[in-house]
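Comments concern the structure below.
Every read-out reported here was derived from the displayed coordinates using simple, explicitly stated rules and does not represent laboratory data. This is a predicted model, so every value here is computed, not measured. Note that we place each Cβ from the backbone using ideal geometry, even for glycine, and neighbour counts take in every protein chain shown.
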Amino acid sequence: MNAGKLNTRININRYTKTTDDFGGYNSTLSVFKSIWCYLKEIKGEITVEGGMNQRRVNAELIVRKKALDDVIIGDTFNIDGEADQYKINDLYQSEFDFYYTIKATKIS
């Protein structure tokens, strides 16, 4: 894998608990880490759920192994500068040495 192909910057987000003024907690989505990746959208489909059209796009990312420290399945990410969120569905070591592949679905 040529490191020059890692041309897309993503922000990995995770829910964190923050205290409010009344002694309770709120869950907020905050940026956990920013990494470079090779992003490829591999398939998309439109389904009807609850009487509304839902668009689902599956994406595959290749990232460096060390960049994924502490990232877990269920975290979300967005492409730097865009608002669309993707949910991480699977993480596994790819055929390239020192790289991992992430399978994700765009949440619309």
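A crude spin-label estimate for the pair Phe98 and Asn2, with each label 7 Å from Cα along the Cβ direction, gives 1.8 nm.
With θ taken as phi - 60° and the Karplus curve 6.51 cos²θ - 1.76 cosθ + 1.60 applied, the whole-hertz 3J(HN,Hα) list for segment 46-62 is 10, 10, 10, 10, x, x, 10, 6, 10, 9, 10, 10, 9, 10, 10, 10, 10 Hz, x standing for glycine and proline.
If you work out Kirkwood radius over Cα pairs in Å from the coordinates, which of (i) 15.2; (ii) 14.4; (iii) 13.6 do you get? The value computed from this structure is option (i).
Residue by residue, segment 20-34 carries 3J(HN,Hα) couplings of 9, 6, 10, x, x, 10, 10, 9, 10, 8, 10, 6, 8, 6, 10 Hz when phi is fed to the Karplus relation 6.51 cos²θ - 1.76 cosθ + 1.60 (θ = phi - 60°); x denotes Gly or Pro.
At full extension, Lys66 and Lys106 could sit 12.0 nm farther apart than now, given 0.36 nm per residue minus the alpha carbon distance. Annotation: extensible slack from Asp21 through Gln54 equals 8.1 nm (criterion: 0.36 nm per residue apart, minus Cα-Cα distance). When the alpha carbon gyration tensor of segment 5-48 is reduced to an equivalent ellipsoid, the three semi-axes, largest first, read 32, 18, 4 Å. Note on segment 7-36 and segment 38-103: Cα centroid distance 18 Å, given to the nearest whole angstrom.
Each Cα pair under 8 Å and six or more residues apart adds its sequence gap; the mean of these over the residue count of the chain is a relative contact order of 25 percent. Derived scalar couplings between HN and Hα for segment 87-97 equal 9, 6, 9, 7, 10, 7, 6, 7, 6, 7, 5 Hz in order, rounded to whole Hz, by the Karplus curve 6.51 cos²θ - 1.76 cosθ + 1.60 (θ = phi - 60°), x for Gly and Pro.
The label point for Leu29 and the one for Ile79, both projected 7 Å from the Cα toward the Cβ, are 1.7 nm apart. Close amide-amide hydrogen proximity is noted between Asp75 and Ile88, each under 5 Å apart and 5 or more residues distant or on a separate chain (H modeled in the peptide plane; Pro and chain starts excluded). Spacing of the modelled spin labels on Asn89 and Arg9, each 7 Å from Cα toward Cβ, amounts to 2.8 nm.
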